[in-house]
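What follows is a short report on a single structure.
The values are calculated or read from the model by the stated rules, or taken from the named source; none is laboratory data. Because the structure is a prediction, the values reported are computed rather than measured. Quick reminder, even Gly has a Cβ in these numbers, built from the backbone with ideal geometry, and neighbours come from all protein chains shown. When the accessible area is computed, the model is the full protein with side chains, heavy atoms only, and any ligands, DNA or RNA have been set aside. Shrake-Rupley method; radii C 1.70, N 1.55, O 1.52, S 1.80 Å.
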Amino acid sequence: LLAKKLDTVCPGVSIEPPLLPLSGEVLQLATANTSESARLDIVALNFWNWSVRTYFDIRVFYPHSSSYSQKTLKAIYAMQEGEKRRSYNEIIINVDRGTFTSLVFSATGGAGNEANKFLKKLALMIAEKSGEKYAEAVSDLRLGISFSLQKSAITALRGTRKWHHPSPNYTDNQLTVLT
């Protein structure tokens, strides 16, 4: 959903772009993700700054989990955003020469500080490009996110209704494992 919305206002949008490999760079944070297969969720050109690629990584958490029982919602959002920032920010700034924004949402529909700033900016860009009112653009965006979160929660609880037909290329042994 967010990639589709970004694609309407930004060039060069792609999903799960690989990060540039490290070539001798020394990173200060030990928590930085230096994996060869490190990927972020979305990249777009010209979002925060002209001619700069912005990388986005999305995280959804369940705020009523027992592990969060002693923390405020604001503290949970800050913790989640901080984890993402420590994993990717230094690599993106120093190696990929871009900017990083962590998009943290709760499964109940809330958004973290960075995600709220992102949503406001994206809604403003959509409103300016399409000629619609900002209030309508931000409302449509938040409604779409709410439905996406609800759909993923329902799918996680009950599974999908679609029956997946096996490919005709499966062998009999593979079909037995699938059923």
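Look through Asn49, Asn33 and report the one residue that is modelled with pLDDT under 95 and closer than 17 Å to Glu128 by Cβ.
Asn49
Based on this model, can you work out whether Phe61 counts as under 17 Å from the mean Cα position of the chain (by Cα), among the hydrophobic types (A, V, I, L, M, F, W, C) and at pLDDT 95 or above?
In short, no.
From Glu132, Glu128, which residue is in a loop (DSSP other than H, G, I, E, B) and either in contact (Cβ under 8 Å) with a residue 60 or more places away in the chain or of a type in the set (D, E, K, R) (or both)?
Only one candidate qualifies: Glu132.
Select from region 45-74 the residues that are hydroxyl-bearing (Ser, Thr, Tyr), touching a residue at least 24 places away in the same chain (Cβ under 8 Å) and over 14 Å from Lys121 (Cβ atoms) and list them in ascending order. First the steps, then the outcome.
The first filter runs over region 45-74 and keeps only residues hydroxyl-bearing (Ser, Thr, Tyr), leaving 51, 54-55, 62, 65-69, 72.
From what's left, touching a residue at least 24 places away in the same chain (Cβ under 8 Å): 54-55, 62.
Answer for region 45-74, where residues must be hydroxyl-bearing (Ser, Thr, Tyr), touching a residue at least 24 places away in the same chain (Cβ under 8 Å) and over 14 Å from Lys121 (Cβ atoms): Tyr55, Tyr62.
Considering only region 50-62, state which residues are more than 17 Å from Ser148 (Cα to Cα), of a type outside the set (A, V, I, L, M), open to solvent by 20 Å² or more (accessible area, probe 1.4 Å) and in contact with a Leu (Cβ under 8 Å, 6 or more places away or on another chain).
Ser51, Arg53 - these are the residues of region 50-62 that are more than 17 Å from Ser148 (Cα to Cα), of a type outside the set (A, V, I, L, M), open to solvent by 20 Å² or more (accessible area, probe 1.4 Å) and in contact with a Leu (Cβ under 8 Å, 6 or more places away or on another chain).
Might you let me know whether region 138-160 holds any residue that is assigned to a loop (DSSP other than H, G, I, E, B) and either among the charged types (D, E, K, R) or modelled with pLDDT under 95 (or both)?
Among the residues of region 138-160, at least one is assigned to a loop (DSSP other than H, G, I, E, B) and either among the charged types (D, E, K, R) or modelled with pLDDT under 95 (or both), which makes the answer yes.
Looking at region 120-138, which of the residues that are over 19 Å from Trp50 (Cβ atoms) and among the acidic types (Asp, Glu) is least open to solvent (accessible area, probe 1.4 Å)?
This residue is Glu132.
Taking the criterion of being polar (S, T, N, Q), touching a Ser or Thr at 6+ places or on another chain (Cβ under 6 Å) and either buried (at least 17 other Cβ atoms within 10 Å of the Cβ) or over 25 Å from Val9 (Cα atoms) (or both), would at least one residue in region 70-81 satisfy it?
Within region 70-81, none of the residues are polar (S, T, N, Q), touching a Ser or Thr at 6+ places or on another chain (Cβ under 6 Å) and either buried (at least 17 other Cβ atoms within 10 Å of the Cβ) or over 25 Å from Val9 (Cα atoms) (or both).
All but one of (1) modelled with pLDDT under 95; (2) loosely packed, with under 15 Cβ neighbours inside 10 Å hold for Lys117; which doesn't?
It fails just one condition, (1).
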